[in-house]
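Here is the structure we will look at, set down as structure tokens.
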């Protein structure tokens, strides 16, 4: 078995893996795809993404439904994203209102449960 970073020109080989729907949207500047191969066949993969992650959106109860607040928040995070050269952001929703906002902006839910995983305790290279 061999381990390597799959170059972007080979990303179509990810068809049939968990990354099948993801790879067409990846920015090669901010993503790397680790593959494990045996006899030229991909037998394992994990995609590393350097992404903008938006969390903790909050609006005071008396301002919920006031479009000006949402509009300013959206303009602000768009400015941050442009400054960082980011094309998309990962976020979460805790309320139906936030879910509706995200989906109205063409946000798509990610599959599975999401976790924060510290890198410190992972296996060390041999």
Practice prompt. Would you point out the residue of the stretch 81-103, among those that are without any contact (Cβ under 8 Å) to a residue 40 or more places away in the chain and surrounded by 15 or more Cβ atoms within 10 Å (Cβ to Cβ), that is nearest to residue 27 (Cα to Cα)?
Written response: 89
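Scan the stretch 74-122 for residues that are outside any helix (DSSP H, G or I) and in contact with a strand residue (DSSP E or B) (Cβ under 6 Å, 6 or more places away or on another chain) and jot them down.
First, the residues of the stretch 74-122 that are outside any helix (DSSP H, G or I): 85-95, 105-122.
Once the filter is applied, which keeps residues that are outside any helix (DSSP H, G or I) and in contact with a strand residue (DSSP E or B) (Cβ under 6 Å, 6 or more places away or on another chain), the stretch 74-122 yields 86, 89, 90.
Could you please let me know if residue 34 is surrounded by 13 or more Cβ atoms within 10 Å (Cβ to Cβ) and assigned by TED's automatic domain parsing to the domain that holds residue 100?
Working: surrounded by 13 or more Cβ atoms within 10 Å (Cβ to Cβ): yes; assigned by TED's automatic domain parsing to the domain that holds residue 100: no.
So residue 34 fails the test.
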Response to the item:
Among 46, 11, 23, the single one that is surrounded by 10 or more Cβ atoms within 10 Å (Cβ to Cβ), within 24 Å of residue 108 (Cβ to Cβ), modelled with pLDDT under 90 and under 22 Å from the mean Cα position of the chain (by Cα) is 23
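The values are calculated or read from the model by the stated rules, or taken from the named source; none is laboratory data. Predicted model only: the values in this text are computed from it and were never measured. All Cβ positions, glycine included, derive from the backbone under ideal geometry; neighbour counts span all protein chains shown.
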